Every structure is written in structure tokens, then in C-alpha cells.
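K.L.:
Can you keep this structure in mind? I'll have questions shortly.
Only the coordinates and a few stated rules stand behind these numbers; no lab work does. Given the structure is predicted, the values throughout are model-derived calculations rather than measurements. In this analysis, Cβ positions are derived from the backbone assuming ideal geometry, glycine residues included, and neighbour counts consider all displayed protein chains.
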Amino acid sequence: MKFSLLSSSIVYRAFLPLFLPFIDGQIKIMNPEKIQQLIEQGMPSVSVAVSGGEGKYVAEVTSEAFDGLMLIKRHKMVYACVNAEITSGELHALTIIAKTPAELASA
């Protein structure tokens with residue numbers, strides 16, 4: 001009986017997100033500058049700093065638009081800017097630090 005690692009449904013489901021960027025035959029590389037650009041395009045009047053690599057990034061986002069919003073709503077606003085990249089597997093993990101300018105100044 002021949003066994004293929006990818007034929008195992010448990011292994012396949014566990015590792016599929018890691019292979020998605022390669023499925024169409026092209027390697028898609030996400031970098032901090034691209035993530036910053038996507039967030040800036042999706043959220044005008046925002047200050048963004050992105051660090052990290054190898055699929056795991058931290059985005060520090062500052063915007064007046066966050067004023068009065070709960071943390072989960074702030075994160076949803078940022079995730080909406082990079083949703084296509086997360087869905088495709090290009091972007092594996094994004095930690096978001098979302099603050100208003102006033103919160104940043106008092107920190």
C-alpha cells in the first residue's frame with residue numbers, strides 16, 4: 001500500500017495554508033512594505049509601521065478613526081485591508097497594535 005503525505009486528510013488540512021501561496025506555480029512573497037501599503041490604501045489618514053518576516057508580521061497602526069471604537073472593531077478595520085492576502089495564504093499571521101494618536105501620546 002502506497003502512502004502519500006499529502007493524501008492524508010489530516011495532514012492536508014493542517015498544512016494547506018502553508019502551501020496556498022505556491023499552488024498556482026508562483027511563489028508569492030509578502031513583505032512589510034507591501035502590508036504597510038495595503039493598510040494605508042484601505043485606511044486613509046493612518047500612520048502605519050510594519051515589522052517582521054517569514055509570514056509573521058506586526059502592524060502598529062495609529063488613526064483618529066479608532067477613536068471611541070473597541071479593540072475588536074479596530075482590528076477588523078485593519079484586517080479588512082489585508083483580507084485577500086490572508087485568505088490566499090500570502091500573509092500567514094498579523095499582530096495588530098491599533099491606537100489613536102492620543103493613546104499613543106499617553107503611552
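K.L.:
Looking only at the range 83-103, which residues are of a type in the set (A, V, I, L, M) and surrounded by 13 or more Cβ atoms within 10 Å (Cβ to Cβ)?
P.N.:
86, 91, 94, 96, 97, 98 - these are the residues of the range 83-103 that are of a type in the set (A, V, I, L, M) and surrounded by 13 or more Cβ atoms within 10 Å (Cβ to Cβ).
K.L.:
Restricting to the range 77-103, name every residue that is outside any helix (DSSP H, G or I) and of a type outside the set (A, V, I, L, M).
P.N.:
Passing the criteria: 89, 90, 92, 95, 99, 100.
K.L.:
Across the range 46-82, which residue is nearest to the chain's Cα centre (by Cα) among those that are crowded, with 19+ Cβ neighbours inside 10 Å, closer than 17 Å to residue 33 by Cβ and hydrophobic (A, V, I, L, M, F, W, C)?
P.N.:
Among those residues, the one meeting the criterion is 82.
K.L.:
Keeping to the range 62-76, report how many residues are in a loop (DSSP other than H, G, I, E, B) and among the small types (Gly, Ala, Ser).
P.N.:
Result for the range 62-76: 1.
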